[in-house]
1. Excluding residues fewer than 8 places away in the same chain, name every one of the lysines whose C-alpha is closer than 26 Å to that of Lys324.
2. So what are the ³J(HN,Hα) numbers for region 396-410, from phi and the Karplus equation (6.51, -1.76, 1.60; θ = phi - 60°), rounded to whole Hz, Gly and Pro as x?
3. Using 0.36 nm per residue, how much length does the chain from Thr134 to Leu415 gain when fully extended, once their Cα-Cα distance is taken away?
4. For region 6-391, build the charge dipole from Cβ charges (+1 Lys, Arg; -1 Asp, Glu) around the Cα centre, then report which of Leu279, Thr234, Ile123 sits farthest towards its positive end.
5. Order the peptides 266-275, 40-49, 330-339 from the highest to the lowest mean number of other Cβ atoms within 10 Å of their residues.
6. Which one, Gly367, Gln158, Val92, projects farthest toward the positive side of the charge dipole computed for region 6-391 from Cβ point charges (K/R +1, D/E -1)?
7. In what sequence, highest mean first, do 133-144, 27-38 appear when ranked by Cβ atoms within 10 angstrom?
8. With percent of Cα pairs over 36 Å apart in mind, check (i) 31; (ii) 20; (iii) 25 and report the label derived from this structure.
Amino acid sequence: MSPISSAQLEKALECGRPPNIKQLFPSSRALIVSGTVIDRAMLAKGKAIAIAANGRSNFVIKGALKAAQRANAALIVEIARSEGGAKAYCAVNLWNIARQVDQACNELGITVPVAVHADHYGIKAEADIPPAETEIPSLFDAGITSIAVDASHMPDDQNLLASIRLKEQVPDWAALETEVGEIKGSQGLSNRDEALFLIQGLNAHGIFPDWIALNNGSSHGLEADGQGIQVGLTAEIHQALAPYGVSGAQHGTSGNDSERLRRIARETKTTKANVATALQMVSWGLEVNDYGNAAQKDGEFVKVKGEGVTEEVWEAMVQYARDKGYKAGDYKNLNLPFENILLGQPRAVRERMIDRTADFVYGMLTGVFNCQDTAPLAVEEILQANSHALAPKAERIEDPAEWTPEKIAEKAKLLDTDKGPKGDFDD
C-alpha cells in the first residue's frame, strides 16, 4: 500500500488531531491521534496488531517512530504509571511523553499516525480512586490520547465500579483500555465469565472500551518459565466478547517466541501488543533472543561490542546495578539515573541506539504482527469520520437496571474465578 499522500496528511492533520494535541502543539506536523484510530486501522487490515512501544527512554521513542515510518504502520507509544507516574523509574513520564513524541515526529519527519497511551493506570484500592479523579485529567492536559484504567488488582465488582467511575475523567474521543485479571504469568488466569462480567457491566453504563487486557499467561519483564501466552484461552474469551466490539490488548510479550506472537495475531482479536523490556535491552546494545529476553552468560547480560551504549557507560550501568543489588529484572531501574548520561554520549552512539531499536521494532511490525501498511488505513478512518473522534464499535445492549451497584455485587458473588496468589504484582 502506498504511503499517505500529502493531501491526505494535510486533511488528517486538520481534522484528526484531538483538541488537547492541537492546543499543546498548534504548529506541529505530527499526526498524533486517539488510540481508537489505531485500533480501527488494525481491524481494517485484519489479523494485524499495533505495537505499543513502552517509551522508557528517548532512544526507544525515536527508534519505534523510525520503524513505524519505514513500515508505513500506525503506532502506539506508551508509558505505564509504574514506569512514568509519580513514583517513576523512567525519565520519560506520563506528563512529558507526548511532548517527546511530538518533538521526535517533527525532527524525524514522521507522518504515520501515532497514539500516546497511558498504560496500566493502576487502581489497587478504593482509596486510589479520588486522587485518580484529579490526576487522570492532568494526563490528557499533557497530551495523552489513550488510557488503560486498570483496576484489575481489586475484586471483580470493585474493578467494574472503579472503571465506571473513572471513565468520567476520560474524554469521549480518547481510547479506553480496561483489564480483568492481574498479570501473574501462569497463575490466576482470566476466564470467560469474569471478562464478560466486566464488559457487560461497562456496556450497561454506556461505556464501550476499545481494548480489554487479560491475564492470559503473559508476564512482565524477563520471562523464564516458558509458559507464555495462552492463545486458545485468549481466542475463547475474545469470541465470547464479540457482541460488545472490544478488541484485545496483549501485555507481557517478552518470553514468547515470534511464532506464538504470530498466532496471537492470526487466531485472536488482539489489535494492541505492549513491547517494553526487549526495547530497553536492545537500545542498550544487549543481545536479545527470539523470545525478547536479553541473553545472559555467567549471570551477566551479554553486551554486543560496538552496539548500543558505549562500553564505558555499560560498565558504569552494571556497576551501579551491582552496588544496588539489582537482579536481572531490576535493570529497568537504570533508566532514570542514566537517561541524561545516555543523552550525553556522542552523536554516533546515540544514533546507533535509535537505529538498533528501529531495526528490532521494524522486524516485529512486518514479520510478526502484520502491521505494515496500516498507516493509510488509520488515515482513512479519520477522513471518513472527518473528525478526531470515531463512533463506538458497539452499542448498549445490556439493561442498566440490571447493573446497579447492588446487582453488580450480587453478580460478582456468582463468578467462579481463581485470582491466583496475592501480592503486589508489577504493572
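1. Answer for Lys324, where 26 Å is the Cα cut-off: Lys87, Lys184, Lys297, Lys303, Lys305, Lys332, listed by chain and number.
2. Those phi angles translate into 5, 10, 9, 7, x, 5, 8, 10, 6, x, 5, 6, 4, 4, 5 Hz.
3. Working it through step by step, the gained length comes to 97.9 nm.
4. Leu279
5. Details: 266-275: 23.9, 40-49: 20.9, 330-339: 18.4.
Result, highest mean Cβ count within 10 Å first: 266-275, 40-49, 330-339.
6. Positive-end residue among those listed: Gly367.
7. Packing order, densest peptide first, comes out as 27-38, 133-144.
8. Among (i) 31; (ii) 20; (iii) 25, the one derived from this structure is (ii).
Coordinate-derived values only; no laboratory data. All figures in this text were calculated on a predicted structure; none of them were measured in a lab. Quick reminder, even Gly has a Cβ in these numbers, built from the backbone with ideal geometry, and neighbours come from all protein chains shown.
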